[in-house]
Amino acid sequence: MSPVFGEPLCMTDACHPHGSPRRYGEQPDPTEPGGNSARPMVQRLPEPQDVVDCLELGTFDTPPYYSTSSESFRNTIEGYSAPQGNYDPIVRSLHNLAHLFLNGTGGQTHLSPNDPIFVLLHTFTDAIFDEWLRRHSPGAAVYPMENAPIGHNRDFNMVPFWPPVTNAEMFVTAPESLGYSYEVEWPTRPLSMTEVITISIVGAVVALAVICFVTTCAVRVRAYRSYEGREPLLGEQYQRYSDDHDLRQDKTQSVV
Ligand SMILES: O=C1C=c2cc(C(=O)O)[nH]c2=CC1=O
């Protein structure tokens, strides 16, 4: 039976042992082991603008280095903050929002890797992280040295990788250090009103300067052309005042 949107969902463990809502009386769908193949819990996916916003966050992580961190790129890309970085307990964005939209198997932490789309979602999330590192290295790209949850300080080994690899060793841009790169056309931020006004004013001033320059050149060329061919008042045959003056001085000296 196909699910009917808008019907009440059972939200108790008695109805859905894996913790996902299923309609009363509905049998688990073997192709959806997570259940909850009815209406998604959220009605929208992340937007390109959300990616633009989170890429602008200037700090990798902030205390308490947890899912409650505010103005933290890590917590924002994870999806516990608004895309602009402010933490709000009811907000789900970016990676988490995509998981919740997937619903069913892809929407539950302990099952989501079974959904093939998991790889695409996490690869794209890593591509955003790689782009953030590229844009903010080395200034803002600082991994917490201490006080992060266990296993998440800078020099701690990442669990469960073997041979051991520290968080710091993976806090590097992929093309330079890991031997792969992502081919993504990143969305761009639309200009703010202030930027539009500033660009318009600068453009107008530059245009005015060009017009003034061209007009001045044209007037000078015209003046020069109208001067050409006219007889100068003082021709070459006339002695200049300074020559005349020098001559007279010489004469005076010889008399004396
Ligand atoms: O598989 C996952 C499912 C998730 C659900 C949330 C949530 O924000 O409620 N976050 C998730 C991460 C997952 O990896």
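Taking the criterion of being more than 7 Å from the ligand (Cβ to nearest atom), open to solvent by less than 20 Å² (accessible area, probe 1.4 Å) and either part of a loop (DSSP other than H, G, I, E, B) or out of contact with any helix residue (DSSP H, G or I) (no Cβ under 7 Å at 6 or more places or on another chain) (or both), the residues of region 76-89 that qualify are 82, 83, 85. Contact map, region 190-206: residues that are closer than 20 Å to residue 52 by Cβ paired with residues that are outside any helix (DSSP H, G or I), Cβ distance under 9 Å, separation 6+ or inter-chain. Pairs shown: 199/191. Only one entry of 124, 129 meets the criterion of being within 14 Å of the ligand (Cβ to nearest atom), in a helix (DSSP H, G or I) and either of a type in the set (Phe, Trp, Tyr) or modelled with pLDDT under 95 (or both), and that entry is 124.
Return yes or no: is residue 61 within 25 Å of residue 153 (Cα to Cα), more than 13 Å from the ligand (Cβ to nearest atom) and open to solvent by less than 60 Å² (accessible area, probe 1.4 Å)? If you could, list the steps in order and put the result at the bottom.
Values: within 25 Å of residue 153 (Cα to Cα): yes; more than 13 Å from the ligand (Cβ to nearest atom): yes; open to solvent by less than 60 Å² (accessible area, probe 1.4 Å): yes.
Criteria met by residue 61.
Determine, yes or no, whether residue 180 is hydroxyl-bearing (Ser, Thr, Tyr), more than 16 Å from the ligand (Cβ to nearest atom) and in contact (Cβ under 8 Å) with a residue 40 or more places away in the chain. Before the answer, list the steps.
Working: hydroxyl-bearing (Ser, Thr, Tyr): yes; more than 16 Å from the ligand (Cβ to nearest atom): yes; in contact (Cβ under 8 Å) with a residue 40 or more places away in the chain: no.
The answer is no for residue 180.
Once region 90-110 is narrowed to residues that are assigned to a loop (DSSP other than H, G, I, E, B) and near the ligand (Cβ under 7 Å from one of its atoms), the residue that is farthest from residue 77 (Cα to Cα) is 108. Would you confirm, using the coordinates I've provided, whether residue 150 is within 13 Å of the ligand (Cβ to nearest atom), open to solvent by 90 Å² or more (accessible area, probe 1.4 Å) and closer than 18 Å to residue 75 by Cα? No, not satisfied.
The values are calculated or read from the model by the stated rules, or taken from the named source; none is laboratory data. All values reported here derive from a predicted model rather than from experimental measurement. Virtual Cβ from ideal backbone geometry, glycine too; neighbours counted across all protein chains shown. Only protein heavy atoms, including side chains, enter the accessible area calculation; ligands, DNA and RNA are left aside. Shrake-Rupley method; radii C 1.70, N 1.55, O 1.52, S 1.80 Å.
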